[in-house]
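Inspection log for the structure reproduced underneath, given as structure tokens.
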Amino acid sequence: MATIILGPFLMDKPDSTIVSAAAEKYSLSPSMLLDLYDELSGIRILSPAKVNDLKKLLEHLLMPLIPAERAMLLDRQEKLYQQSRINETIQMYKEQKKDTSQSGLLEQERQLLTKARAGNVDETKRILNEILGQVLFSEGGRLSTVRIRAIELSTLLSRVAMEGGAGTDMMRKLSSNYASKLESSKNIEDICHLLQELIDGFMELMFFKKDNGNLHVRKALQSIASNYNRHITLSEIAEEIGLSDNYLSALFKKTVGISFSEFLNHVRVEESKQLLISTDYSLAEIAVAVGFPDQSYFSKVFKSVTGLTPGSFRY
């Protein structure tokens, strides 16, 4: 970040209050105070109107640089936020002695891929930061190890994106680009941030390959990700977005590649897989927890999506 300083100048004649305030703050000797007052008397005085004109002139001259500076600032803020989340995870492992075994890491990876398949960007990034925190905690922050784990996660996420319908050619280009960046990264902070960018890129290819960035469908996906565990309908979301049922239905299928109900069922099935693997809940309890009306319908949908019954998948 660059800084431009304009001055020195005063907007009014200097008086004793300026000097006395400096003396009080910095404990200046009488001789230094006299020298300071002499120096102040030599500083040019500009009227508020002229200062305002100078401000406008600087804004005009620097305007081409402002977008780039803003982008750099936002990028830095994102990195700081991510590092704070990762540090929270590291601290949690230190204080609570959480499971840092390979099996614990594999479970987190499964959760990461589940959220990615469901299109839940925020949850995917949250779990990513937890994984990175665990890797940094267990491996002592070694750059080479973090880079290897980052490349492994990149490969897993790229497979999920291709399974979700992302174009093969575009995925290969994007994956190759990020692999190159990960290999050349010189610090852990950049590697962590690159993985966040990678998630955004893969999600775009998964869900907006045919109609890039459609805001209406994006809102529908966000609503599904937040409300899949209760009874939600296309009509409810269409009303929330401000579209007709038929238009949203057609737009959703064109953009995502499958119907609204198919996508909702896929999300619920992916979420149920985690509960089947990691909990002892009954099938009826899991069905309700992920938004299905009953165990029978849950089992039917689960088998149509995976080819297995929920019981077979669990055992």
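All of Lys186, Lys173 fail the test of being in a helix (DSSP H, G or I) and of a type in the set (Lys, Arg), apart from Lys173.
Listed conditions (1) in contact with a helix residue (DSSP H, G or I) (Cβ under 8 Å, 6 or more places away or on another chain); (2) in contact (Cβ under 8 Å) with a residue 24 or more places away in the chain are all met by Ser299, apart from (2). Going by the structure shown, is Leu113 within 20 Å of Tyr178 (Cβ to Cβ) and at pLDDT 85 or above? No; evaluated as a whole, the condition is false for this residue.
Among the residues examined, Lys115 does not qualify as in a loop (DSSP other than H, G, I, E, B), basic (Lys, Arg) and out of contact with any Cys (no Cβ under 6 Å at 6 or more places or on another chain). Against the test of being surrounded by 12 or more Cβ atoms within 10 Å (Cβ to Cβ), modelled with pLDDT under 70 and either of a type in the set (Lys, Arg) or over 28 Å from Ser138 (Cβ atoms) (or both), the options Leu74, Leu62 yield a single qualifying residue, Leu62. Meeting the requirement of 3 or more residues that are farther than 16 Å from Val121 by Cα and out of contact with any strand residue (DSSP E or B) (no Cβ under 6 Å at 6 or more places or on another chain), the helices (runs of 4 or more DSSP H) wholly within the range 196-275 are 234-241, 245-256. Need the failing condition index for Ser138 against (1) buried (at least 18 other Cβ atoms within 10 Å of the Cβ); (2) outside any loop (DSSP other than H, G, I, E, B), just the number. So the condition that Ser138 fails would be (1).
Among all positions in the range 124-131, there is no residue which is modelled with pLDDT under 85 and either surrounded by fewer than 20 Cβ atoms within 10 Å (Cβ to Cβ) or part of a helix (DSSP H, G or I) (or both).
Can you run down the residue pairs with Cβ atoms below 8 Å, 6 or more apart or on separate chains, where the first is in the range 136-159 and at positive phi and the partner is among the aliphatic types (A, V, I, L, M) and surrounded by 15 or more Cβ atoms within 10 Å (Cβ to Cβ)? As it stands, the answer is Gly141/Ile188, since those pairs meet every condition given. So which residues in the range 263-293 are among the charged types (D, E, K, R) and exposed (fewer than 14 other Cβ atoms within 10 Å of the Cβ)? The answer is Asp280, Glu285.
Just so you know, in the range 219-262 the residues that are surrounded by fewer than 16 Cβ atoms within 10 Å (Cβ to Cβ), of a type in the set (D, E, K, R) and in contact with a helix residue (DSSP H, G or I) (Cβ under 7 Å, 6 or more places away or on another chain) include one that is nearest to Phe298 (Cα to Cα), and it is Asp245. Inspect all residues belonging to the range 214-232 and state whether any of them is modelled with pLDDT under 90, within 30 Å of Leu174 (Cβ to Cβ) and charged (D, E, K, R). Yes - at least one qualifying residue is present in the range 214-232. For the range 234-255, the criterion of being modelled with pLDDT under 80 and either under 20 Å from the mean Cα position of the chain (by Cα) or of a type in the set (Val, Ile, Thr) (or both) is met by at least one residue.
Looking only at residues of the range 265-278 that are in contact with a Ser or Thr (Cβ under 9 Å, 6 or more places away or on another chain) and not β-branched (Val, Ile, Thr), we find that the one that is modelled with the lowest pLDDT is Gln274.
The values are calculated or read from the model by the stated rules, or taken from the named source; none is laboratory data. All values reported here derive from a predicted model rather than from experimental measurement. Using ideal geometry, Cβ is built from the backbone for each residue, glycine included, and neighbour counts are taken over all protein chains shown.
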